[in-house]
Amino acid sequence: MQADKPRGAILAIESSCDESAAAVLDESGGLLAHELYSQVELHRTYGGVVPELASRDHVRRLLPLIRQALERAGTAPERLAGIAFTAGPGLIGALLTGAALARSLAYAWQVPAVGVHHLEGHLLAPLLEPNPPPFPHVALLVSGGHTQLIEVAGIGQYAILGDTRDDAAGEAFDKTAKLLGLPYPGGPELARLAQSGTAGVFRFPRPMLDRPGLELSFSGLKTAVLHSLRGRELTSQLRADVARGVEEAIVGTLAAKAVRALEATGLDTLVVSGGVSANQRLRAQLSDAVGRRGGRVYYPRIEFCTDNAAMIAVAGLARLRAGEHEGLAIQPRAQWPLETLSAVPLQPSAAIPRCISPP
Ligand code: KG4
Ligand code: ZN
């Protein structure tokens, strides 16, 4: 394989869960294209992601998305400098579809392929913005599967400061939304419903806040919500008040722990990424709490909070430039600890091309 291809554009592929996506990121031109197909409608009937259906749909969607991304970017395959793909963690069948396709295309087009850690993609998504976060910083990674506070010294240098003991924040949003009769994925639906709820009617537990440390726990929220609904008529006001209480409990807990992580590390920059970072109440509360300490919060633009291929391109480009690439074996990883990644010796904020369109 040719690890020393000329500089140029890379193609990135994301298929770790229920979003199929492709993007083209150019060293000098920035993000030239990003295409996404969400399988939400496909899984909605079942109230959650059905892994086998997800894999089959990736098989159907990925190639057309790749073609579309290359076309929109005006990049011919022979001009590509490499291909990045999500190698894990995620649903193994879904990962396998993207990995097999990416590895095969890279072989056919004689370019290097690099497997990207999905969470590193989320962590580096804010680097696409015109004003990227400086390193080192603390990252609050809040997605459907993960809730972690991470000290980020540089690309590939991640120390986990705190993790959830049970449900992830996104999972807590989704599960309580389901109890309120909202469709999958419940996070954005619950946030919408919470807007018409009254603050303070329900005060749900904020576990782990009364204890020192940076561990989190959200599984008790489901039971608390069930108790609050028991024996009562499910009026629209009750549902909205419960939604508001849930959102405040999750957001309040995340904000308090994020501030605690800044205090513990002595850092004043917070990066928030992953699907739940699209939540407006979380953004407002974090900006306020961190701002009061004289710090600053950075987020990806909303479309790059949830799963996408642009973030995979950012991480992939950094790693390809550092000379990393895969062998010919196709090796997705359902489990893949973030701390095992290797450090990328680059000046990260100077090295990543920005989005060319404003947020
Ligand atoms: O990062 P992501 O797209 O997928 C994973 O890697 O898991 O995150 C999806 C999660 C879901 O749980 C979804 O409900 C949640 O992010 N989410 C939200 C919002 N938008 C997405 N949760 C709360 N408020 C939102 N606005
Ligand atoms: Zn994700």
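The values are calculated or read from the model by the stated rules, or taken from the named source; none is laboratory data. Everything numeric in this text was worked out from a predicted model, so none of it was measured. In this analysis, Cβ positions are derived from the backbone assuming ideal geometry, glycine residues included, and neighbour counts consider all displayed protein chains.
Within the option set P89, P130, being away from ligand 2 (no atom under 16 Å from the Cβ) and of a type outside the set (A, V, I, L, M, F, W, C) holds for one residue only, P130.
Just checking, does segment 209-218 include any residue being of a type in the set (S, T, Y), farther than 20 Å from V272 by Cβ, surrounded by fewer than 21 Cβ atoms within 10 Å (Cβ to Cβ) and assigned by TED's automatic domain parsing to the domain that holds T147? No - not one qualifying residue is present in segment 209-218. Within the option set L36, L25, L63, being modelled with pLDDT of 95 or more, more than 16 Å from ligand 1 (Cβ to nearest atom) and within 20 Å of the chain's Cα centre (by Cα) holds for one residue only, L25.
Residues are listed down the side, and each one gets a yes or a no for (1) away from ligand 2 (no atom under 14 Å from the Cβ); (2) in contact with a helix residue (DSSP H, G or I) (Cβ under 8 Å, 6 or more places away or on another chain); (3) free of Cβ contacts under 8 Å to residues at least 60 places away in the same chain; (4) under 30 Å from Q237 (Cα atoms):
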| site | (1), (2), (3), (4) |
| --- | --- |
| V116 | no, yes, no, no |
| A125 | no, yes, no, no |
| G156 | yes, yes, no, no |
| D167 | yes, yes, yes, yes |
| K178 | yes, yes, no, yes |
| P185 | no, yes, no, yes |
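All of A278, A264, A256 fail the test of being within 12 Å of ligand 1 (Cβ to nearest atom) and either at negative phi or surrounded by 23 or more Cβ atoms within 10 Å (Cβ to Cβ) (or both), apart from A278.
Would you mind stating whether A87 is in contact (Cβ under 8 Å) with a residue 40 or more places away in the chain, outside any helix (DSSP H, G or I) and not β-branched (V, I, T)? Yes. Against the numbered list (1) under 20 Å from V314 (Cβ atoms); (2) basic (K, R); (3) within 15 Å of ligand 1 (Cβ to nearest atom), R44 comes up short only at (1).
Checking T86, T147 one by one, the residue that is within 16 Å of ligand 1 (Cβ to nearest atom) and under 22 Å from L31 (Cα atoms) is T86 and no other. I'd like to know if segment 240-259 contains one or more residues that are outside any helix (DSSP H, G or I) and over 25 Å from the mean Cα position of the chain (by Cα). Within segment 240-259 (the criterion being outside any helix (DSSP H, G or I) and over 25 Å from the mean Cα position of the chain (by Cα)), the answer is no, since none of the residues qualifies.
Would you check which residues across segment 304-326 are part of a helix (DSSP H, G or I) and of a type outside the set (V, I, T) and list them? Matches in segment 304-326: F304, A310, M311, A313, A315, G316, L317, A318, R319, L320, R321. Of the residues in segment 160-180, not one is away from ligand 1 (no atom under 16 Å from the Cβ), farther than 28 Å from V314 by Cβ, small (G, A, S) and not in a loop (DSSP other than H, G, I, E, B).
The listed residues are L101, L149, and the only one of them that is part of a helix (DSSP H, G or I) and either over 16 Å from the mean Cα position of the chain (by Cα) or at pLDDT 95 or above (or both) turns out to be L101. Please work out if T45 is polar (S, T, N, Q) and buried (at least 19 other Cβ atoms within 10 Å of the Cβ). Criteria not met by T45. For A125, are the conditions met, namely being within 16 Å of ligand 1 (Cβ to nearest atom), surrounded by 23 or more Cβ atoms within 10 Å (Cβ to Cβ) and more than 18 Å from N308 (Cα to Cα)? It is false that A125 is within 16 Å of ligand 1 (Cβ to nearest atom), surrounded by 23 or more Cβ atoms within 10 Å (Cβ to Cβ) and more than 18 Å from N308 (Cα to Cα). If you go through segment 327-334 one residue at a time, do you hit one that is at pLDDT 95 or above and part of a helix (DSSP H, G or I)? No, the conditions are met nowhere in segment 327-334.
None of L161, L149 is crowded, with 24+ Cβ neighbours inside 10 Å, touching a residue at least 40 places away in the same chain (Cβ under 8 Å) and farther than 21 Å from E303 by Cα except L149. When F304 is tested against (1) surrounded by fewer than 23 Cβ atoms within 10 Å (Cβ to Cβ); (2) within 16 Å of ligand 2 (Cβ to nearest atom); (3) under 18 Å from L25 (Cβ atoms), exactly one condition is not met: (1). Confirm whether G8 is over 19 Å from A318 (Cα atoms) and either surrounded by 20 or more Cβ atoms within 10 Å (Cβ to Cβ) or at pLDDT below 95 (or both). No: the conditions fail for G8.
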